[in-house]
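A short worksheet on the structure shown next.
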Amino acid sequence: MDEAFSAVRPPVVPLQVVAPLWARFFSVAPLVLIGTKEGDGFDVAPKHMAMPLGWQNYYCFVCSPLHATYRNALQHRAFTVSFPDQALVLETGLAASPRLGDSSKPSLSALRTFPASVVDGVLVEGCTVYLECELDRVVDGFGENSLVVGRVVAAAAREDVLRHGEIDDADLLERVGVLAYLHPGRFATVRDSLAFPFPVDFSVR
């Protein structure tokens with residue numbers, strides 16, 4: 001059986017690592033909108049290199065020091081995270097538009113926002129989950145990029161996306177879906193899921 005399987009198994013080929021290799025294959029990531037205070041207003045930018053950092057309430061994202069999001073978070077010591085669903089994909093994509101010569105970002109007019117409750121920031125209307133973070137630290141030196149880490153000081157979520165004992169997890173995901181970014185350049189809404197085959201007595205925190 002192993003020989004039969006290996007006869008049809010695609011070959012494994014080496015990849016060059018002298019240049020970034022992440023565009024050579026698809027990988028799954030979250031898609032979030034990071035909000036930061038900027039001057040007398042606010043900026044919102046999409047990020048996919050973003051995730052909880054550890055099991056405690058820390059959230060991080062990767063950003064370049066050349067970007068306004070990095071500079072804003074460092075200056076004002078806070079950022080917000082809004083998790084869009086598929087209905088906001090177009091507006092989320094537009095938020096990545098480049099700035100004009102006067103540093104303005106007209107594409108942000110497509111996003112409706114409301115004030116954060118604890119930090120000086122805004123959250124994007126129509127999203128499923130919201131985090132408000134105070135800046136914990138910035139770790140530079142990952143090539144041209146940095147890791148921006150925040151401590152979550154407030155959070156909220158749309159009630160229909162929350163897990164609870166009255167509905168099976170598979171049914172919940174099928175009903176509400178979770179937006180995912182498929183790098184490079186694609187997205188999907190995850191609805192079909194299966195329980196992971198953890199060992200007996202394995203604890204999922």
| query | Are there any strands (runs of 3 or more DSSP E) wholly within the range 88-205 with 1 or more residues that are loosely packed, with under 13 Cβ neighbours inside 10 Å and at pLDDT 95 or above, and if so which? | reply | 113-115, 129-142, 186-190
| said: So, in the range 24-48, how many residues would count as being outside any strand (DSSP E or B) and open to solvent by 70 Å² or more (accessible area, probe 1.4 Å)? | reply: 4
| request: Answer yes or no: is there a residue in the range 65-83 that is hydroxyl-bearing (Ser, Thr, Tyr), in a strand (DSSP E or B) and either touching a Pro at 6+ places or on another chain (Cβ under 9 Å) or more than 21 Å from Pro30 (Cα to Cα) (or both). | output: no
| note | Subset of the range 117-163, residues out of contact with any helix residue (DSSP H, G or I) (no Cβ under 8 Å at 6 or more places or on another chain), closer than 24 Å to Val178 by Cβ and free of Cβ contacts under 8 Å to residues at least 24 places away in the same chain, comes to Glu125, Glu159, Leu162
| task | Search the range 65-77 for residues that are within 11 Å of Lys37 (Cβ to Cβ) and free of Cβ contacts under 8 Å to residues at least 12 places away in the same chain and pair each with any residue that is part of a helix (DSSP H, G or I) and open to solvent by less than 20 Å² (accessible area, probe 1.4 Å) when their beta-carbon atoms are under 9 Å apart and the residues are at least 6 apart or on different chains. | result | none
| remark: Going through the range 65-79 in order, the residues found to be buried (at least 21 other Cβ atoms within 10 Å of the Cβ) and touching a Leu at 6+ places or on another chain (Cβ under 9 Å) are Ala73, Ala78, Phe79
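The values are calculated or read from the model by the stated rules, or taken from the named source; none is laboratory data. What you see is a predicted model; the values in this text were computed from it and never measured. Using ideal geometry, Cβ is built from the backbone for each residue, glycine included, and neighbour counts are taken over all protein chains shown. Note: accessible area is taken over every heavy atom of the protein model, side chains too, but ligands, DNA and RNA are not part of it. Shrake-Rupley method; radii C 1.70, N 1.55, O 1.52, S 1.80 Å.
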